[in-house]
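Here is the structure we will look at.
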Amino acid sequence: MKLSDLKIIITGGAQGMGAYFATKLLEAGAQVAVGDVKDELLAQLPAGIHRRKLDVSNEADVVAFVAWANEQMGGLNGLVNNAGILRDGLLVKKDRATGAVTKLTTEQWNAVIGVNLTGATWMVREVVAKMVETEQKPGVIVNISSIARHGNRGQSNYTAAKAALAANTVTWSKEFAAFGIRVGAVAPGMIETPMTQGMNQKARDALVAAIPVGRVGVPEDIWLGVKFVLECDYFNGRTIDVDGGLSM
Ligand code: NAP
């Protein structure tokens, strides 16, 4: 699709990669509606972007947001399914000094699955339902997965959600073909955003050492992948890893 023809929702777009994608899409002439739990940061987005508080893990919120975005933009034909959180922890951990055994908590598990999997799925469901109800096509969905989808120490919850999102990119590409909607995904490696800025220096240095291109990614690197999925009408049902060659 042409970027200028898009009427597109971006979740988790108040900061980080989502805010970058929103700005790029606005500059390209698209209509953009951004939702995020951080409503205080939504105010800082460039003028012209529609914005509203959204918690993707709250089903009623998702339904209301999609209806609002459809109204604001006079239609809907795209989604960048970007909202995500981390609550890292080993599934089981033994303290070397004390011998104490700790476990990943139910709260850590449920929070990540609730936002990164259930929330992302509700967004796809509502956007597609709205497009089908209102007979809008063609359409395109870009799921933001992660390189952690291949498995990563300390991220059982995050890996489960991001792998499911990549797998369902295939499922949904098959289910929505009849509606003229394509579904693709981009799986970033380590990208410079508020999400990764809190990382401790030792872990960060070890990760950078494992990236063959020798640097952390920036939102522009991932935008190139998202733009490709949006524009290439022959791309469907696949996930692109954009990670500098990093193997976790
Ligand atoms: P970010 O800087 O943390 O931005 C994500 C935004 O989404 C934040 O404003 C966040 O608010 C918001 N959000 C969290 N939960 C939400 C919810 N329930 N409903 C709506 N918005 C919510 O993250 P990012 O680094 O740009 O990441 C964007 C996407 O890329 C995420 O899906 C992430 O998992 C994925 N990703 C990132 C990296 C990376 O290295 N940065 C790598 C691979 C994949 P809070 O700050 O309050 O949580």
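The values are calculated or read from the model by the stated rules, or taken from the named source; none is laboratory data. Here the structure is a predicted model, which means the values were calculated and not measured. Note: ideal-geometry Cβ built from the backbone for every residue, glycine included; neighbour counts use all protein chains shown. To get the accessible areas, we keep the full protein, side chains included, count just its heavy atoms, and leave off ligands, DNA and RNA. Shrake-Rupley method; radii C 1.70, N 1.55, O 1.52, S 1.80 Å.
Across the stretch 156-208, which residue is most open to solvent (accessible area, probe 1.4 Å) among those that are within 12 Å of the ligand (Cβ to nearest atom) and basic (K, R)? Among those residues, the one meeting the criterion is R204. Entry remark, the stretch 129-155: residues being open to solvent by 10 Å² or more (accessible area, probe 1.4 Å) and away from the ligand (no atom under 11 Å from the Cβ) number 13 in total.
Within the stretch 209-225, the set of residues being part of a helix (DSSP H, G or I) and surrounded by fewer than 16 Cβ atoms within 10 Å (Cβ to Cβ) comprises A209, E220, L224.
For the stretch 162-180, the criterion of a residue being more than 30 Å from N70 (Cα to Cα), at pLDDT 95 or above and part of a helix (DSSP H, G or I) is satisfied by no position.
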